[in-house]
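Here's the structure, in structure tokens; my notes come after.
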Amino acid sequence: MILNWNGVKLLEKFLPDVVKCSSGAAIYVADNASADDSVNFISTNFPSVQIIRNKTNGGFAKGYNDALKQIDAEYYVLLNSDVEVTENWIPPIIRLFKSDPAIAACQPKVKDYNDRNKFEYAGAAGGFIDKYGYAFCRGRIFDSYEQDDGQYDNAEELFWATGASLFIKADIYWKAGGLDEDFFAHMEEIDLCWRIKNLGYKIMYCPGSTIYHLGGATLSKSNSRKTFLNFRNNLILLFKNHSSRYFKVKMLIRFIMDGIAGLKFLFTGYFGDFFAVVMAHLSFYGSFGKTRKKRKRLRQSIKMYADFPVYGRSIVFDYFVKGKKKFTQLDPASFRE
């Protein structure tokens, strides 16, 4: 399923390959109340593509939840509208699912649409978090992107799979509660994957499937709105899903580290991002009671708190202080808490 909002230009560019390369799959476009010609373009040029019209633009999370409720399938594929798929991108992932019933979600290799031998920001070769909840990927740590030289051509268990192309079992999607609609956009897939892992399931990376992601089609990386969502949502997912072990200490350290990041934005002239960090924290504090209730509710169904593969060090310290810019430079023995 592709979620669309005023993205007719992206549909013109990327939908033809989705139709061409997805034989045997039912293709849906969920439209978030677009004001452009998106719906007419699809119905006129791709009559085989089924259109679900959401009444409002509820963002990434609500848009998918509303639309997926209307689909009866074994697997869902949440695919960004700015993704170029390739031949044979679906079968390797389905085979991986069938190899282990504990696998609940999976992602392909995500490469840069404009620099096609580089890994892309949103997912790369699979997602991880460090002990303080900071997200990074094999092939991409912060703003350092690796060339794809086959170094990550092994199937690997992940902590989170990218929302740019998220394959997930439909029953487990709903068992875990779907995407958290309070996120609106950004990091909601990490939150969902964390909940899935706390239920005892696996998240996997499949190197036999490749997509190319344009990225920044809705909000560019430099947009302060994106900074706000990333900082706020990261705090929410950490608060909701982390075990009680060292929880208060880690939250305190996160507040301090986010403060340092905000000051760095301020002193380097990124005033919009500085205010975005401040507003992200104010928004998090304002929703504290609601998030605390979610945490309590989730604890009732948790089978085990996921501690693998969590990077048991600070990725911020290792990257900015120790200069570890590549995933292969991280100590494999540190991927436990």
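The values are calculated or read from the model by the stated rules, or taken from the named source; none is laboratory data. This structure is a prediction, so every number in the text was calculated from the model and none was measured. Every residue, glycine as well, gets a Cβ built from its backbone with ideal geometry; the counts of neighbours run over all protein chains shown.
Take Val316 and decide whether it is under 25 Å from Leu192 (Cβ atoms), part of a helix (DSSP H, G or I), among the β-branched types (Val, Ile, Thr) and in contact with a strand residue (DSSP E or B) (Cβ under 9 Å, 6 or more places away or on another chain).
yes
If I go through the range 271-287 residue by residue, how many of them are of a type outside the set (Val, Ile, Thr) and either without any contact (Cβ under 8 Å) to a residue 24 or more places away in the chain or exposed (fewer than 12 other Cβ atoms within 10 Å of the Cβ) (or both)?
Residues flagged as of a type outside the set (Val, Ile, Thr) and either without any contact (Cβ under 8 Å) to a residue 24 or more places away in the chain or exposed (fewer than 12 other Cβ atoms within 10 Å of the Cβ) (or both) within the range 271-287 amount to 5.
Name the residue that is nearest to the chain's Cα centre (by Cα), counting only residues in the range 319-337 that are outside any loop (DSSP other than H, G, I, E, B) and closer than 23 Å to Asp149 by Cα.
Phe327
Quickly run through the range 19-30 and pick out the residues that are of a type outside the set (Val, Ile, Thr) and in a helix (DSSP H, G or I).
Lys20, Cys21
Restricting attention to the range 119-157, and to residues there that are of a type in the set (Ser, Thr, Tyr) and within 19 Å of Asn241 (Cβ to Cβ), which single residue is surrounded by the most Cβ atoms within 10 Å (Cβ to Cβ)?
Tyr132
Please enumerate the residues belonging to the range 247-269 that are free of Cβ contacts under 8 Å to residues at least 12 places away in the same chain and of a type in the set (Phe, Trp, Tyr).
Result: Phe247, Phe267.
Does the range 36-43 contain any residue that is at pLDDT below 95 and of a type in the set (Gly, Ala, Ser)?
no
Out of the residues in the range 1-18 meeting the condition of being of a type in the set (A, V, I, L, M, F, W, C) and in a helix (DSSP H, G or I), tell me which one is surrounded by the most Cβ atoms within 10 Å (Cβ to Cβ).
The qualifying residue surrounded by the most Cβ atoms within 10 Å (Cβ to Cβ) is Leu11.
Select from the range 286-313 the residues that are outside any loop (DSSP other than H, G, I, E, B) and outside the structural domain of Arg254 (by TED's automatic domain parsing) and write down the one among them that is farthest from Asn241 (Cα to Cα).
By that ranking, first place goes to Tyr311.
Which number in (1) closer than 26 Å to Tyr212 by Cβ; (2) free of Cβ contacts under 8 Å to residues at least 40 places away in the same chain marks the one condition that Asn54 misses?
Single failed check for Asn54: (1).
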